[in-house]
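**Q** The structure is given below, and queries will be raised subsequently.
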Amino acid sequence: MKLDFQTDDGIGTRANLGVIVLETDETLEHEFARLLNHAGVALYHSRIPMVPDIRPDTLARMERDLPASAKLLPPALSFNVIGFGCTSASTVIGSDNVAKAIQTVCPTAKITDPLAALIAAGRSLGARKLGFVTPYIASVSAGMRGRLEEAGFEITGFGSFEEGNDRVVARITEASILQAIENVAAQAPCDAVVVSCTNLRCLDVIAKAEARIGVPVLSSNQALAWHMLRLAGIEETSDAFGALLRVDPSV
């Protein structure tokens, strides 16, 4: 017996969002499932090859793989926004080049990445002076610091775990991240603290840290999710994940 059926508009009735996740990342998908849990918003993942060693040369290699990774997102969908889930690679490759690579496959989608999102988030909050926390080796941290300064921010405090293995980064404890934020914020007055890296488990630390240091905390995953939602025209706010997501864009 052939069964009758009906069709509808699918899951993403308000927005279809895609994110390209590093092969080595163990954190982004878990945090994005919470950050983007809104009715009518569909989230789809693809992966991109990456070795565990985080260095400028290994990060740069991903530029050539971005089109192939984007092509693995569901081809029947028209994506509103696609995010590239790597802060350090976006720093090395450049946000404009990330967008160009992905748009060779998805030309109508808006493109963002954690670096672009953190810059947009800082500007949205009116922050000028930033504390800056990274897990990276010195050369990677210096590159991202330079990008933030080029965007008009002043780095008033800085600290890094100086860990080059992405598998280890995913296992840095939330208590260590919270302490790092407090230590960096205490170095000098700042308007916000940026915690870079999509593989750091920041989401449950943000509100605690903000309560202790008295300024917003911006993480790579939080800022990327926020930027993707706003680029897609989704304006929901949340009290759960820090000051950035409490801001109503319509006000």
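The values are calculated or read from the model by the stated rules, or taken from the named source; none is laboratory data. Note that this is a predicted model, so its numbers are computed, not measured. Cβ coordinates were reconstructed from backbone atoms using ideal geometry, including for glycine residues, and neighbour counts include every protein chain displayed.
**Q** I'd like the full set of residues that are in contact with a strand residue (DSSP E or B) (Cβ under 9 Å, 6 or more places away or on another chain) and surrounded by fewer than 19 Cβ atoms within 10 Å (Cβ to Cβ), limited to region 161-178.
**A** Glu162, Gly164, Asn165
**Q** If I filter region 66-84 for residues that are buried (at least 19 other Cβ atoms within 10 Å of the Cβ) and at pLDDT below 95, do I get at least one hit?
**A** No: zero hits.
**Q** Could you list, in sequence order, the residues of region 1-29 that are out of contact with any strand residue (DSSP E or B) (no Cβ under 8 Å at 6 or more places or on another chain) and touching a residue at least 40 places away in the same chain (Cβ under 8 Å)?
**A** Thr24, Glu26, Thr27
**Q** Note down all Cβ pairs under 8 Å where the first residue falls in region 170-184 and is without any contact (Cβ under 8 Å) to a residue 12 or more places away in the chain, the second is hydroxyl-bearing (Ser, Thr, Tyr) and exposed (fewer than 13 other Cβ atoms within 10 Å of the Cβ), and they're at least six residues apart or on different chains.
**A** none
**Q** Exactly one of these conditions fails for Ala192: (1) surrounded by fewer than 18 Cβ atoms within 10 Å (Cβ to Cβ); (2) over 20 Å from Asp25 (Cβ atoms); (3) of a type in the set (Gly, Ala, Ser); (4) within 20 Å of the chain's Cα centre (by Cα). Give me its number.
**A** Only one criterion in (1) surrounded by fewer than 18 Cβ atoms within 10 Å (Cβ to Cβ); (2) over 20 Å from Asp25 (Cβ atoms); (3) of a type in the set (Gly, Ala, Ser); (4) within 20 Å of the chain's Cα centre (by Cα) is unmet by Ala192, namely (1).
Residue-wise test of (1) in the same structural domain as Asp25 (by TED's automatic domain parsing); (2) surrounded by fewer than 23 Cβ atoms within 10 Å (Cβ to Cβ).
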{"residue": "Phe153", "(1), (2)": "no, no"}
{"residue": "Ala180", "(1), (2)": "no, no"}
{"residue": "Leu203", "(1), (2)": "no, yes"}
{"residue": "Val215", "(1), (2)": "no, yes"}
{"residue": "Arg230", "(1), (2)": "yes, yes"}
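**Q** Looking only at region 1-31, filter to residues that are of a type in the set (A, V, I, L, M, F, W, C), out of contact with any Leu (no Cβ under 6 Å at 6 or more places or on another chain) and not in a loop (DSSP other than H, G, I, E, B); which one of those is surrounded by the fewest Cβ atoms within 10 Å (Cβ to Cβ)?
**A** So the residue we want is Ala15.
**Q** Could you check how many residues of region 159-182 are within 18 Å of the chain's Cα centre (by Cα), within 18 Å of Leu28 (Cβ to Cβ) and not charged (D, E, K, R)?
**A** 4
**Q** Here's a check for you: in region 43-62, which residue that is within 17 Å of the chain's Cα centre (by Cα) and free of Cβ contacts under 8 Å to residues at least 60 places away in the same chain is surrounded by the most Cβ atoms within 10 Å (Cβ to Cβ)?
**A** Among residues in region 43-62 that are within 17 Å of the chain's Cα centre (by Cα) and free of Cβ contacts under 8 Å to residues at least 60 places away in the same chain, the one surrounded by the most Cβ atoms within 10 Å (Cβ to Cβ) is Met62.
**Q** Right, next: Which of the residues that make up region 225-243 are farther than 22 Å from Val193 by Cβ, at pLDDT 95 or above and in a loop (DSSP other than H, G, I, E, B)?
**A** Ala232, Gly233, Ile234
**Q** Specify which of the listed residues (Ser141, Ser90, Ser124) is of a type in the set (Ser, Thr, Tyr) and out of contact with any strand residue (DSSP E or B) (no Cβ under 8 Å at 6 or more places or on another chain).
**A** When all the criteria are applied, what remains is Ser124.
**Q** Now for a separate question. Scan region 203-221 and give yes if some residue there is within 16 Å of Glu31 (Cα to Cα), charged (D, E, K, R), over 16 Å from the mean Cα position of the chain (by Cα) and outside any strand (DSSP E or B), otherwise no.
**A** no
**Q** Of all residues in region 113-129 being among the aliphatic types (A, V, I, L, M) and within 17 Å of the chain's Cα centre (by Cα), which is nearest to Gly214 (Cα to Cα)?
**A** Filtering first and then ranking leaves Leu125.
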